[in-house]
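One structure below.
The values are calculated or read from the model by the stated rules, or taken from the named source; none is laboratory data. Note that the structure is a prediction, hence the values are computed from the model and not measured. Here the Cβ positions follow ideal geometry from the backbone for every residue, glycine too, while neighbour counts run over all protein chains shown. Side chains are part of the model used for accessible areas, which takes the heavy atoms of the whole protein and leaves out ligands, DNA and RNA. Shrake-Rupley method; radii C 1.70, N 1.55, O 1.52, S 1.80 Å.
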Amino acid sequence: MTEQRIALVTGANQGIGYALVEELAQRMNPEDLVLLTGRNPERVAAAAARVEGKARVEGRVLDVTDGDAVRRLAAELGAVDIVVSNAVGPLEPGVAPVEQVDEFVDVANLGAQYMLRAFGPILRPGGRLIVVASSLGTLEQLPEHLWGRLDQVSLEDVEKVVEEWRTAVHDGTAQAQGWPEWINLPSKVAQVAAVRAVAAERRERDLAENTLVASVCPGLVDTRASRPWFEDFSQAKSPADAVVPIADLILADVDPGLYGELIRDGAVVAWKPSTSR
Ligand SMILES: NC(=O)c1ccc[n+]([C@@H]2O[C@H](COP(=O)([O-])OP(=O)(O)OC[C@H]3O[C@@H](n4cnc5c(N)ncnc54)[C@H](OP(=O)(O)O)[C@@H]3O)[C@@H](O)[C@H]2O)c1
């Protein structure tokens, strides 16, 4: 008999998170458990009831902005095999960054940081710790003078930079400092930087144990989060199609060349432009 594996996905009651739960549930074994988590009890229960798959799927309420709740769930589970930090909050075009930055950063950045800190230590050998970021999460999205703030730094440093940027958005100095106005951009670069920081610390042991820490880009996917920002969805993937390469990555043996990197469709998205390496 194979041992039970536990997978957990945040922000999974709709969009990419939901599709990933469904894909994992279809491709994992009947004795495995996939935890579909989200912030709202009714939406979580309804989504969990909809999933069709081989593995058992359970809905769990987890608001990723609540660091205590994230740590409590990690303590309760004790050990996990697959963790996907995917949650994102709403962002509307035409609404001032200062009015949206707090909720957005709390979910996307603090949420991912809490997940990395709480679930990294309880990942079983052979585990997967994945943050759903974006191809926009590369240094190229920032002016060069800001790269050193997020390149080859610790998770603690990333957390500080996120708070400094948030403060700069509030006091109106963010753009003068060079931060892009679209808050999705610094947020995604900081998510990828956080993953790189965690990966740098555990790379050797993880590779010896077939464990993967990485960020992924799903591509343009037709979901609530993307709809307000793009007009042409003719090239967009459905959530179900977008999660196939992510599940492939999660369920395959670890390719050391992908470890710690931002991965899109199985290939590394360069963190820095090649001329500056
Ligand atoms: N869609 C794209 O084209 C695209 C492209 C690149 C990267 N991504 C990334 O892919 C990930 C998933 O995005 P998506 O497009 O699937 O977004 P989505 O459809 O808007 O889904 C976001 C999910 O996050 C949940 N969430 C919001 N706040 C939360 C909180 N405090 N705690 C826990 N869950 C919370 C939402 O729950 P509620 O339903 O309760 O609000 C929802 O289930 C994000 O990291 C996004 O940046 C998406």
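Tabulated values for the structure
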| item | result |
| --- | --- |
| Yes/no for Leu155 being free of Cβ contacts under 8 Å to residues at least 40 places away in the same chain and open to solvent by less than 40 Å² (accessible area, probe 1.4 Å) | no |
| Condition met for Ala55 (open to solvent by less than 70 Å² (accessible area, probe 1.4 Å) and more than 16 Å from the ligand (Cβ to nearest atom)) | yes |
| Number of the condition not met by Ala194 [criteria: (1) open to solvent by 70 Å² or more (accessible area, probe 1.4 Å); (2) in contact with a strand residue (DSSP E or B) (Cβ under 8 Å, 6 or more places away or on another chain)] | (1) |
| Candidates Arg203, Arg196, filtered to the one that is closer than 19 Å to Gly127 by Cβ and over 17 Å from the mean Cα position of the chain (by Cα) | Arg203 |
| Filtered residue count, segment 189-220, keeping only those that are free of Cβ contacts under 8 Å to residues at least 60 places away in the same chain and not in a loop (DSSP other than H, G, I, E, B) | 10 |
| Identity of the residue in segment 215-238, closer than 27 Å to Asp32 by Cβ and open to solvent by 30 Å² or more (accessible area, probe 1.4 Å), that ends up nearest to the ligand (Cβ to nearest atom) | Lys237 |
| Selection status of Val243, in a helix (DSSP H, G or I) and either crowded, with 19+ Cβ neighbours inside 10 Å or aromatic (Phe, Trp, Tyr) (or both) | yes |
| Number of the condition not met by Trp182 [criteria: (1) in a helix (DSSP H, G or I); (2) open to solvent by 20 Å² or more (accessible area, probe 1.4 Å); (3) within 16 Å of the ligand (Cβ to nearest atom)] | (1) |
| Helices (runs of 4 or more DSSP H) lying entirely in segment 48-156 (those with 1 or more residues that are more than 27 Å from Ala174 (Cβ to Cβ)) | 67-77, 111-119 |
| Selection within segment 20-39 - open to solvent by less than 10 Å² (accessible area, probe 1.4 Å) and either aliphatic (A, V, I, L, M) or in a strand (DSSP E or B) (or both) | Leu20, Val21, Leu24, Ala25, Met28, Val34, Leu35, Leu36, Thr37, Gly38 |
| Residue satisfying condition, being open to solvent by less than 30 Å² (accessible area, probe 1.4 Å), among the aliphatic types (A, V, I, L, M), closer than 30 Å to Arg27 by Cα and more than 12 Å from the ligand (Cβ to nearest atom), within set Val107, Val131, Val83 | Val83 |
